[in-house]
Amino acid sequence: MDERMNGLLNEGEFLARYKKRLAIIVPYRNRPRHLTAFIQRITNYFQRDKLDRNIPVSVHVVEQHGDALFNAGKIRNCGYRLAAKTCDYVCFHDVDYLPIWTDYSWSEKPARLCWYGLRLRENREKFFGAVVLFDNRAFERVNGYPNAYWGWGPEDEELGFRCKTLTGGFDSRDGTYLALPHPHRGINTRGIHTEEAKRTLALYRLRRPRLAELIKEDGLSGLQFETVKSTPLRIEGVTVPNAFHHLVDIGKPES
């Protein structure tokens with residue numbers, strides 16, 4: 001028996017939260033085993049969850065073309081631009097977090113969905129990464145993610161600042177996820193920042209005094225990319241319903 005049957009949601013609230021179109025955007029590169037596990041889990045989740053199965057959902061795997069360092073913020077912005085006309089809200093979803101118990105329903109306010117199962121110890125009040133949800137208008141309002149970070153970086157922290165500045169912060173739904181193991185690009189096995197992370201964190205320190213100004217300068221408004229191809233997503237030779245693979249060229253970092 002779902003919340004409607006229990007009288008916890010009236011019909012208008014149900015339609016607002018569970019009948020808007022959701023696009024799940026997955027930034028991706030070179031993790032085929034993770035992608036297979038993710039697609040299998042996310043497909044089963046939306047078929048079986050008591051409430052979230054009512055949500056019209058599509059999945060957009062956005063792959064970075066070329067050999068430049070991975071730019072997760074820019075790739076997520078590309079995914080939003082590619083999906084925005086076909087959805088009402090988006091969920092930016094790391095490929096290595098599989099949902100166990102969570103809530104993907106629409107929210108006017110940005111929301112962090114993942115808490116239990118995170119690989120690293122995070123600040124509960126400040127952390128805004130792994131799996132986050134935005135109404136399209138709210139994502140446009142914050143001008144999306146910063147495009148500046150090539151390699152593992154604090155684009156999530158900047159996005160959290162944008163939410164705090166322009167949308168009154170974000171909600172924390174504290175969902176439970178299974179984290180798939182893989183080497184961390186930002187922290188090595190001794191718990192020390194990698195050279196890649198040291199470089200992007202140094203950039204963040206330079207940007208921090210100007211974060212409010214950079215909201216307008218760096219994000220969706222200045223996004224440039226080329227779609228190399230967009231096709232239905234196939235996993236192990238089988239086409240996945242309502243799932244798409246986008247290969248995008250976002251260029252290279254300025255020297």
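The values are calculated or read from the model by the stated rules, or taken from the named source; none is laboratory data. Keep in mind the model is a prediction, meaning the values are calculated, not measured. In this analysis, Cβ positions are derived from the backbone assuming ideal geometry, glycine residues included, and neighbour counts consider all displayed protein chains.
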Lone qualifier among LEU214, LEU159, LEU166 - being modelled with pLDDT of 95 or more and within 19 Å of LEU118 (Cβ to Cβ): LEU159
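Going by the structure shown, is PHE92 more than 14 Å from HIS245 (Cβ to Cβ), in contact with a helix residue (DSSP H, G or I) (Cβ under 8 Å, 6 or more places away or on another chain), of a type outside the set (A, V, I, L, M) and surrounded by 15 or more Cβ atoms within 10 Å (Cβ to Cβ)? I'd like the intermediate steps shown before the answer.
Values: more than 14 Å from HIS245 (Cβ to Cβ): yes; in contact with a helix residue (DSSP H, G or I) (Cβ under 8 Å, 6 or more places away or on another chain): yes; of a type outside the set (A, V, I, L, M): yes; surrounded by 15 or more Cβ atoms within 10 Å (Cβ to Cβ): yes.
So PHE92 passes the test.
Restricting to the stretch 32-71, what's the tally of residues that are among the charged types (D, E, K, R) and under 20 Å from LEU180 (Cα atoms)? Explain how you work it out, then say what you get.
Of all residues in the stretch 32-71, those among the charged types (D, E, K, R) come to 33, 41, 48-50, 52-53, 63, 67.
After this cut, where a residue has to be under 20 Å from LEU180 (Cα atoms) as well, the list is 33, 41, 63.
The number of residues fulfilling the criteria is 3.
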Residue, surrounded by the fewest Cβ atoms within 10 Å (Cβ to Cβ), within the stretch 75-89, restricted to residues that are of a type in the set (Lys, Arg) and over 11 Å from the mean Cα position of the chain (by Cα): LYS85
Qualifying positions in the stretch 27-60 - touching a helix residue (DSSP H, G or I) at 6+ places or on another chain (Cβ under 7 Å) and not hydroxyl-bearing (Ser, Thr, Tyr): PRO27, PHE46, GLN47, LEU51, ASP52, ARG53, ASN54, ILE55, VAL57, VAL59, HIS60
Which one of ASN44, ASN30 is free of Cβ contacts under 8 Å to residues at least 12 places away in the same chain, under 30 Å from ASP218 (Cβ atoms), surrounded by fewer than 18 Cβ atoms within 10 Å (Cβ to Cβ) and out of contact with any Ser or Thr (no Cβ under 8 Å at 6 or more places or on another chain)? ASN30
